[in-house]
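This report refers to the structure that appears directly beneath it.
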Amino acid sequence: MGSDPRSCTDCGQLEYAGAPLCRACVAKVDAIVDDAWHQFLRDTGIPDAMTGAETEAWARLVIEDLAAHDWRVVDAAYDRIPCTECGHALSRGPAHCVACTAAHAYRYGAVETDRPSVPRGNEHAIRVNVSAVRRPEGLSGHELTARRLVLPYLLVGRLPTTAQAQRLAAELRSTPPEGAAAVVARLFRPGDGS
């Protein structure tokens with residue numbers, strides 16, 4: 001941990017921060033959960049090459065016991081179950097979809113384990129920001145901007161204090177969109193206590 005985030009060659013923002021508009025950044029954000037799903041299958045001895053019905057069945061088994069699985073695996077499992085109400089991946093549908101909104105809340109029953117050498121709470125922050133970027137419906141433009149711009153720093157092991165996060169949110173509300181990345185970068189500048 002402790003390295004600096006890298007720039008995305010497609011959009012020029014920091015990797016991950018271009019989501020949900022940049023396809024390359026969206027793929028990186030989705031890989032956060034998809035890679036965990038594939039590792040879960042390998043660790044469990046489940047063949048990765050399954051039919052859609054088999055994949056959905058395994059995904060349903062995972063969400064039946066959320067507390068037994070890492071949040072990344074749970075989020076990936078929800079991605080593999082279609083919502084019967086809206087047709088999107090369960091938990092990722094529009095904010096007005098009752099089934100997706102309920103599943104979105106339930107997913108927080110999964111396990112969060114901080115990685116070694118990161119501040120306590122870093123994994124929770126990653127989880128919340130990944131969730132926001134992957135399901136931006138219902139978020140204000142300022143909140144989505146903050147969550148997507150902070151995500152690259154969280155992924156390299158940085159974590160703002162509560163006071164820093166509150167100051168950042170307040171400053172971003174009065175910052176034009178084109179200046180938001182500079183505000184976030186200033187927060188995570190070495191020596192600023194993050």
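Report yes if some residue within region 93-113 is surrounded by 14 or more Cβ atoms within 10 Å (Cβ to Cβ) and among the polar types (S, T, N, Q); otherwise report no.
yes
In this structure, is residue 76 open to solvent by less than 70 Å² (accessible area, probe 1.4 Å) and in contact with a strand residue (DSSP E or B) (Cβ under 7 Å, 6 or more places away or on another chain)?
Working: open to solvent by less than 70 Å² (accessible area, probe 1.4 Å): yes; in contact with a strand residue (DSSP E or B) (Cβ under 7 Å, 6 or more places away or on another chain): no.
Criteria not met by residue 76.
Hey, residue 129 hits all of (1) surrounded by 16 or more Cβ atoms within 10 Å (Cβ to Cβ); (2) farther than 16 Å from residue 30 by Cα but one; which does it fall short on?
Going through (1) surrounded by 16 or more Cβ atoms within 10 Å (Cβ to Cβ); (2) farther than 16 Å from residue 30 by Cα one by one, residue 129 breaks only (2).
Applying the selection to region 162-182, what residues are exposed (fewer than 15 other Cβ atoms within 10 Å of the Cβ) and either in contact with a Cys (Cβ under 8 Å, 6 or more places away or on another chain) or charged (D, E, K, R) (or both)?
Within region 162-182, 167, 173, 178 qualify.
Test of understanding: among 10, 35, 48, which residue is modelled with pLDDT of 95 or more, farther than 17 Å from residue 153 by Cβ and either in contact with a Leu (Cβ under 7 Å, 6 or more places away or on another chain) or in a loop (DSSP other than H, G, I, E, B) (or both)?
Within the list 10, 35, 48, the selection yields 10.
Give me the residue from region 28-56 that is of a type in the set (Gly, Ala, Ser) and open to solvent by less than 50 Å² (accessible area, probe 1.4 Å) and, out of that set, farthest from residue 6 (Cα to Cα). Before the answer, list the steps.
We begin by selecting, within region 28-56, every residue of a type in the set (Gly, Ala, Ser); these are 31, 36, 45, 49, 52-53.
Among the residues that remain, those that are also open to solvent by less than 50 Å² (accessible area, probe 1.4 Å) are: 31, 36.
Working: 31: 16, 36: 22 Å.
Only one residue fits best here, namely 36.
Listed here are the residues, each with its yes/no results for (1) in contact with a Gly (Cβ under 8 Å, 6 or more places away or on another chain); (2) within 27 Å of residue 150 (Cβ to Cβ); (3) of a type outside the set (Val, Ile, Thr).
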residue	(1), (2), (3)
45	no, no, yes
71	no, yes, yes
77	no, yes, yes
93	yes, yes, yes
122	yes, yes, yes
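Pick out the one residue from 74, 128, 156 that is under 13 Å from the mean Cα position of the chain (by Cα), among the β-branched types (Val, Ile, Thr) and under 25 Å from residue 184 (Cβ atoms).
Working: 74 fails: under 25 Å from residue 184 (Cβ atoms); 156 fails: under 13 Å from the mean Cα position of the chain (by Cα).
It is 128.
Go through 70, 10 for me and flag whichever is open to solvent by less than 70 Å² (accessible area, probe 1.4 Å) and not hydrophobic (A, V, I, L, M, F, W, C). Talk me through it step by step, then tell me what you get.
Values: 10 fails: open to solvent by less than 70 Å² (accessible area, probe 1.4 Å).
Exactly one of 70, 10 is open to solvent by less than 70 Å² (accessible area, probe 1.4 Å) and not hydrophobic (A, V, I, L, M, F, W, C), namely 70.
Report yes if residue 100 is farther than 24 Å from residue 113 by Cβ, in contact (Cβ under 8 Å) with a residue 12 or more places away in the chain and part of a helix (DSSP H, G or I), otherwise no.
On the way: farther than 24 Å from residue 113 by Cβ: yes; in contact (Cβ under 8 Å) with a residue 12 or more places away in the chain: yes; part of a helix (DSSP H, G or I): yes.
Here the answer is yes, as residue 100 does meet what is asked.
Here is a list of conditions, (1) open to solvent by 30 Å² or more (accessible area, probe 1.4 Å); (2) modelled with pLDDT under 95, and residue 88 meets all of them except one; can you say which number that is?
Result: residue 88 fails condition (2) only.
Inspect region 144-157 for any residue being open to solvent by less than 40 Å² (accessible area, probe 1.4 Å), under 19 Å from residue 37 (Cβ atoms) and without any contact (Cβ under 8 Å) to a residue 60 or more places away in the chain and give the result as yes or no.
So far as region 144-157 goes, no, none of its residues is open to solvent by less than 40 Å² (accessible area, probe 1.4 Å), under 19 Å from residue 37 (Cβ atoms) and without any contact (Cβ under 8 Å) to a residue 60 or more places away in the chain.
Matching residues to (1) in contact (Cβ under 8 Å) with a residue 12 or more places away in the chain; (2) touching a Phe, Trp or Tyr at 6+ places or on another chain (Cβ under 9 Å); (3) farther than 25 Å from residue 157 by Cα; (4) part of a loop (DSSP other than H, G, I, E, B):
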{"site": "41", "(1), (2), (3), (4)": "yes, yes, yes, no"}
{"site": "54", "(1), (2), (3), (4)": "no, no, yes, no"}
{"site": "60", "(1), (2), (3), (4)": "yes, no, yes, no"}
{"site": "63", "(1), (2), (3), (4)": "yes, yes, yes, no"}
{"site": "73", "(1), (2), (3), (4)": "yes, yes, no, no"}
{"site": "91", "(1), (2), (3), (4)": "yes, yes, yes, yes"}
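The values are calculated or read from the model by the stated rules, or taken from the named source; none is laboratory data. Computed from a prediction, not measured in an experiment: that's the story for all the values here. Cβ sites come from the backbone with ideal geometry, for glycine too, and all protein chains shown count toward neighbours. Each accessible area value is taken on the protein alone, full model and side chains, heavy atoms only, with ligands, DNA and RNA left out. Shrake-Rupley method; radii C 1.70, N 1.55, O 1.52, S 1.80 Å.
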